[in-house]
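In what follows, a single structure is set out as structure tokens and then discussed.
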Amino acid sequence: MSVFSIIQSRVTSNTIIILYVLLQASLPVSYYIMGDRNDERFAWRMFSMVRMERCRPELHEKLSDGNWRVLRHGAFLHPAWVGVVARKRKPVMKALLWHLCEKRRPALEMRIKVDCVGIEGVKNHSSLQLRCPGELP
């Protein structure tokens, strides 16, 4: 084996290692640069203030008489899903609203409100609302 082939194999393996480390570092960095601040799937969670928030979700349905009614989510929603909704993950909240529209006819609209309190006591409110499609039965 020549010296040139040894050097070439080391350069190749070092390049692969460097590219792998850069990829592993770029995924969490992308969370801090762009994207939804509540979606921490690829973030360095030890630096996160989002996990320190205490959030309480509420589900509401608007009936045909125009009144809003609070739903007890514990009756039909697993606690793990309540936790995901409390983290204000928009895709999960939208999917839940669509599911509720299908299951809770004669509801006209569905709404999720999430009230949070940060570690400094700062209050944060978030909500998402969906008009249920289709005709009432």
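Against the globular-protein guess of 2.2 N^0.38 Å, express the Cα radius of gyration of segment 57-137 as a ratio, rounded to two decimals. Present the calculation step by step, with values, prior to reporting the outcome.
Values: Rg = 13.2 Å, N = 81, 2.2 N^0.38 = 11.7 Å.
Dividing the Cα radius of gyration by 2.2 N^0.38 Å gives 1.13.
For segment 58-137, state which GluC sites (Glu not before Pro) are in a DSSP loop and have at most 13 other beta carbons lying within 10 Å of their beta carbon. Could you put the intermediate results ahead of the total?
Values: sites: E58, E61, E102, E109, E120, E135; in loops: E120, E135.
Sparse-neighbourhood loop GluC sites (Glu not before Pro): E120, E135.
Calculate, in nm to one decimal, what V70 and S5 gain on full extension: separation in residues at 0.36 nm each, minus their alpha carbon distance. Show your work: numbers first, answer last.
On the way: separation 65, 0.36 × 65 = 23.40 nm, distance 7.12 nm.
Residue separation times 0.36 nm, minus the Cα-Cα distance, leaves 16.3 nm.
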Requested in this report: For S13 and K113, calculate 0.36 nm times their separation in residues minus their Cα-Cα distance, and state this gained length in nm to one decimal.
Outcome: 30.9 nm
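What is the local net charge at F76, summed over the other residues whose Cβ is closer than 13 Å to its Cβ (Lys, Arg +1; Asp, Glu -1)?
On the way: positive: R72, K103, R104; negative: E61, E102.
That sum, taken over residues with Cβ under 13 Å, equals +1.
Which order do H99, H125 fall in if you start with the one that has the fewest other Cβ atoms within 10 Å?
On the way: H99 13, H125 9.
Placing the least packed residue first, the sequence is H125, H99.
Any read-out appearing in this document is the output of simple, stated calculations on the displayed coordinates, not a laboratory observation. Worth saying up front: this structure is predicted, and the values here are computed from it rather than measured. Cβ: placed from backbone, ideal geometry, glycine included. Neighbour counts: every protein chain shown.
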